[in-house]
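First the structure, in the form of structure tokens, and then the observations on it.
Every read-out reported here was derived from the displayed coordinates using simple, explicitly stated rules and does not represent laboratory data. Just so it is clear, the structure is predicted and the values come from calculations on it, not from any experiment. Don't worry about glycine lacking a Cβ; one is built from the backbone with ideal geometry, like all the others, and counts go over all protein chains shown.
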Amino acid sequence: MIIDHIENRELYSTINPNIKKALDYLEETDFSEVEAGKFEIDGENVFALVSEYKTKDLSQGKPESHKNYIDVQFVYSGEEFIGYAPLANQKIVEPYNENNDIIFYDCEQSLCLIQKKMFAVFFPTDIHMPGIRVTNPVLVKKVVVKVKIL
């Protein structure tokens, strides 16, 4: 897992060329006029999912991980906690869904604060639970760039 401000994206540009594409896209795109939806960056190798939602109570969160994609989650506006745990032997509550590339777990996590213009990178070895309210529920505009594992 990586958490940082988008202005520091160059620190991570050598990890993976598609993560660089994702971070450059997040820095260079003005999301103020972008509606919710899916946007291609490099076909199915790198694409963005833009969404707006109200943050939820911790009890409503569902810890998840992915096998085929890295998540680069960028908070354009608002703030949220994202739960995090390194993947080990956690209890699976919903088995792998190949169509959605997702597994759900029941596990303890640490909460990480992600504020406006910050991003988090979650690899397949990172369980994460986004969208958790910090104090009161707030509206968040978020971009999740999906980066296919090379």
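Structure data summary
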{"read-out": "Residue check for T14: polar (S, T, N, Q), over 13 Å from V145 (Cα atoms) and either touching a residue at least 60 places away in the same chain (Cβ under 8 Å) or touching a Cys at 6+ places or on another chain (Cβ under 6 Å) (or both)", "value": "no"}
{"read-out": "Qualifying residues in the stretch 5-23 (those that are touching a helix residue (DSSP H, G or I) at 6+ places or on another chain (Cβ under 7 Å) and either of a type outside the set (G, A, S) or in a helix (DSSP H, G or I) (or both)) - the one surrounded by the most Cβ atoms within 10 Å (Cβ to Cβ)", "value": "L23"}
{"read-out": "Given (1) surrounded by fewer than 19 Cβ atoms within 10 Å (Cβ to Cβ); (2) under 25 Å from V134 (Cα atoms); (3) in contact with a strand residue (DSSP E or B) (Cβ under 6 Å, 6 or more places away or on another chain), number of the condition F39 does not satisfy", "value": "(2)"}
{"read-out": "Boolean, V46 is closer than 20 Å to L150 by Cα and surrounded by 18 or more Cβ atoms within 10 Å (Cβ to Cβ)", "value": "yes"}
{"read-out": "Residue that is in contact (Cβ under 8 Å) with a residue 24 or more places away in the chain and touching a helix residue (DSSP H, G or I) at 6+ places or on another chain (Cβ under 7 Å), where the choices are L26, L58, L111", "value": "L26"}
{"read-out": "Subset of the stretch 39-50 [within 15 Å of the chain's Cα centre (by Cα) and either over 14 Å from D71 (Cα atoms) or among the β-branched types (V, I, T) (or both)]", "value": "V46, V50"}
{"read-out": "Which listed residue, of P86, P63, is touching a Cys at 6+ places or on another chain (Cβ under 6 Å) and farther than 17 Å from K141 by Cα", "value": "P63"}
{"read-out": "Some residue of the stretch 106-120 being touching a Leu at 6+ places or on another chain (Cβ under 7 Å) and crowded, with 17+ Cβ neighbours inside 10 Å", "value": "yes"}
